[in-house]
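Read through the structure below, which is laid out as C-alpha cells, and then see the notes.
The values are calculated or read from the model by the stated rules, or taken from the named source; none is laboratory data. What you are looking at is a predicted structure, and each value in this text was computed from that prediction instead of being measured. Here Cβ is always computed from backbone atoms with ideal geometry, including for glycine, and neighbour counts include all displayed protein chains.
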Amino acid sequence: MTTASLPGRYPEIYDAARRDPEAFWLEAAGALDWAQEPAQAFAPKSGPYGRWFPDGTLNACHNAVDRHAEGARAEQAAILYDSPVTGTKRSSGYRELRDSVTALAAVLAELGVGKGDRVVLYMPMVPEALFGMLACARLGAVHSVVFGGFAANELAVRIEDAAPKVVLAASCGLEPNRVVAYKPLLDLAIATSRHKPEACLILQRPQCAASLVAGRDHDWAETVAAAEAAGKQAACVAMAATDPLYVLYTSGTTGKPKGVVRDTGGYLVALAWSMPNLYGVQPGETYFCASDIGWVVGHSYIVYAPLLHGCTTVLYEGKPVGTPDAGAFWRVVAEHGVVCLFTAPTALRAIKKEDPSGSLIGDYDLSVFRSLFLAGERADPDSVAWAERVLGRPVIDHWWQTETGWPIAGNPLGLGLLAVKHGSTCVPMPGYTVAVLDEGGKPVPPGTMGTIAIRLPLPPGCLPTLWGSDARMHSSYLATFPGYYDTSDAGVIDADGYITVLGRTDDIINVAGHRLSTGGMEAVLAGHPDVAECAVIGIRDALKGEVPCGFVVLKARVDRAPADIERELVAKVRDEIGPVAAFKLALTVQRLPKTRSGKILRATMKRIADHEPWTMPATIDDAAVLDEIDASLKGRGIGAD
C-alpha cells in the first residue's frame, strides 16, 4: 500500500512506524509513566509471535489515575456517571477516583487478591465497576469482566476458566422497563462451576436487594466504608509490560471459552497513541463512548484510554432510544460538553429509525461536539451519510476486534482528516500491515474481495496469546495464513489503500459458484429511503447452493404497504448488483435479533432458515426476536416443518 498521495500527517506517521517500528513505539511509550522504562520495543522470540516492551515495568492504575490525581487534574472530573434509568448523575474527580480505588484495592488485598490473581466482575454500568477494574490493575490482579446479566451457565464457564479468587458483582442491572437480578444468576453460576471463588463483594442497588451467602459474600458499601474509615490503602504494584492486565472472553463462545489476553505495556501505549492521533481528543476534554464495560470497546474507550489521556469519560447507563427518546445521546453530549462520541452503527440506525429527520438534534447545544465515531458492526453508507447531514460533523467508521484491543483501521482525525469514502473504514493505523488474501494465502489485486489478514507481528495493544493456551492462539489465528493474523473478516483494499470490511468470512455466500458479500447487498437495501436497518443471510438452495434473503426493518412512521417496499428492494438489488445475486426475497420484520453489543445474529438466523439445530446465543438481547424471525420465514414457506 502506498500512502504518499494522502494528505495530512498520516503518511509520514504510518511510514515511520513501518520503517523503524522499534524507534516509533519506544517514542510512543514516552506518553506513559514507567517504573522501568523499556530499552527494547519488541522481543520477536517470545510468545506465539513476539512480545512488546519486554524489559519495561509500569502500573496501569498509576497511569490512568494516580499521576493525574497528584497533578494539575486532581479536581478535574474523571468520570461523569449519567443514568437516565435511575435518574442519577454523579461526577468523580481524579483525586476522588484515586481515593475510591485505593480503598477498594485495600479490601481486595484483605480478601487475598494479589499480583497475578484473577478477579471476575459481573457489573452494570455504574462507577463501582470502573473502580473494580482499576483496583485490580492497582494490585497487579487480572480482571475479567463478564457482561452484566449474562446467563448463569455462560458466567459459570468463565469463572471456571479464569479461576478467580474474588468476584465483584452488583445485586441487579436495570433496563428501561425491567430490573435484572444478577445475584441469583451469580449464585447459580458458582454452584455450577467446578471453581469456587473465595469471596464475593456485592454492590447492593436499591432497586433490588440481594441476599448474601454467609462466609462468602460481603456487602460492598459497608466493607469499603470500613476500609476508608480505618485509612486503609493499597499501593500500585509494578508490573512487567508483558504481564496480563485483563482477560476478556469473546462473545458467543461454545464449549471452552476463548479468553483474549491483554498485556499491560503494549495496550497502554497503543491506547495513549490513539486518543490524540486517531480520535483527535486532547487532555481535559470530555469523551463519550456509548458502549458497555462488558465489551472490548468499553474496556478500551470508556475506562483506560480516556483516563490515560487525562480526559473526562462519560459512563452512560441508558439506551440510544427509549431513555427517554431518540435524542438521548444528544442530551448527554450537550449537557456534559462532549467533543467526541463513539457508538455502534446499530445505535445510530435505531436513532435514525425513530427520528429520521434528525429533528431532536436541534433541541440541544452541540457547539463543542466535533466528531462521531462508529464501530462494532459494518456501518452502512446510507446511515453514515444521514448522520453527516443531520449533525454537520465528521462521521468516521472504523474497524477493530476484541482481539486487537484498539482500531486496526480508521480515518485519523488527529493527524488530518482524509477523504471519506462511505462504506470504507479508511486506512490502517501505525503498526498494522493489512493485506487481502485469497484462499491460498496470496495477496489479491486492489479492489478484489478476499480474507483480510494482518502481517505479523501485530502492533502493541493486540492480544499476545489466549488465556492458558499458546497452542490455541496459533490454531485460531495464525495457522491459516502463515506469517499473518487471520481476522476472519472479508473485504477489499482499493488502489488508495482504503479498507472496506464486507462482513465475516462466514457471511460470504456462494450463489451458483459466485462468491458474494451479504454486506454489499445490505448496503443496497439500506440505501432505500424507507429502510432503517437490514440483514442479509444466505439460505440453502438445492439448485444454486445458496440464495440471499434480506430482512428489513422500516423507519418509524412509514405507512406504505410492506409488500410494495419489498418489491422495490428486490429490484434495487438486481439493478445495483445484478442478476448474479439471485436476490428475490425481502422480508419486512419489526426488529432484528442482536447481541447486547448490537451485533446482528446472522448465523443463528441462517440456521433457523436452513432448518438446522440451533442454540440460544448467550449474548442475545431479547430471545423473543428469534421466534418472530422464525414466524416470518415460515410465513413464506422457509424453514417450515
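Results, tabulated for the structure shown:
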read-out	value
Residue match in segment 197-207 (condition: under 30 Å from the mean Cα position of the chain (by Cα), surrounded by 23 or more Cβ atoms within 10 Å (Cβ to Cβ) and closer than 16 Å to Val296 by Cα)	no
From Glu533, Glu546, Glu566, residue being assigned to a helix (DSSP H, G or I), acidic (Asp, Glu) and either in the same structural domain as Lys594 (by TED's automatic domain parsing) or buried (at least 20 other Cβ atoms within 10 Å of the Cβ) (or both)	Glu566
Options Gly71, Gly132, Gly112, Gly87; residue that is buried (at least 20 other Cβ atoms within 10 Å of the Cβ) and of a type in the set (Gly, Ala, Ser)	Gly132
Condition met for Arg602 (within 22 Å of Pro257 (Cα to Cα), without any contact (Cβ under 8 Å) to a residue 12 or more places away in the chain and not acidic (Asp, Glu))	no
Only listed residue being hydrophobic (A, V, I, L, M, F, W, C), assigned by TED's automatic domain parsing to the domain that holds Val531 and at pLDDT below 90, chosen from Ala571, Ala624, Ala618	Ala618
Condition check for Thr242: modelled with pLDDT of 95 or more, crowded, with 17+ Cβ neighbours inside 10 Å and part of a helix (DSSP H, G or I)	no
Top-ranked residue of segment 512-530 - restricted to ones that are surrounded by 18 or more Cβ atoms within 10 Å (Cβ to Cβ) and part of a strand (DSSP E or B), ranked as farthest from the chain's Cα centre (by Cα)	Leu516
Selection count where residues are surrounded by fewer than 22 Cβ atoms within 10 Å (Cβ to Cβ) and outside any loop (DSSP other than H, G, I, E, B), scope segment 437-483	11
Residue selected from segment 569-585 under the condition touching a residue at least 24 places away in the same chain (Cβ under 8 Å) and touching a Phe, Trp or Tyr at 6+ places or on another chain (Cβ under 8 Å), by the criterion farthest from Ile638 (Cα to Cα)	Ile577
Scan of segment 340-375 for residues that are under 18 Å from Pro407 (Cβ atoms) and outside any helix (DSSP H, G or I), ordered by number	Cys340, Leu341, Phe342, Thr343, Ala344, Arg370, Ser371, Leu372, Phe373, Leu374, Ala375
Residue match in segment 115-125 (condition: over 21 Å from Leu315 (Cα atoms), touching a residue at least 60 places away in the same chain (Cβ under 8 Å) and out of contact with any Gly (no Cβ under 9 Å at 6 or more places or on another chain))	yes
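Yes or no, residue by residue, for (1) outside the structural domain of Thr242 (by TED's automatic domain parsing); (2) hydroxyl-bearing (Ser, Thr, Tyr); (3) touching a residue at least 24 places away in the same chain (Cβ under 8 Å):
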position	(1), (2), (3)
Glu27	no, no, no
Ala77	no, no, yes
Tyr81	no, yes, yes
Glu96	no, no, no
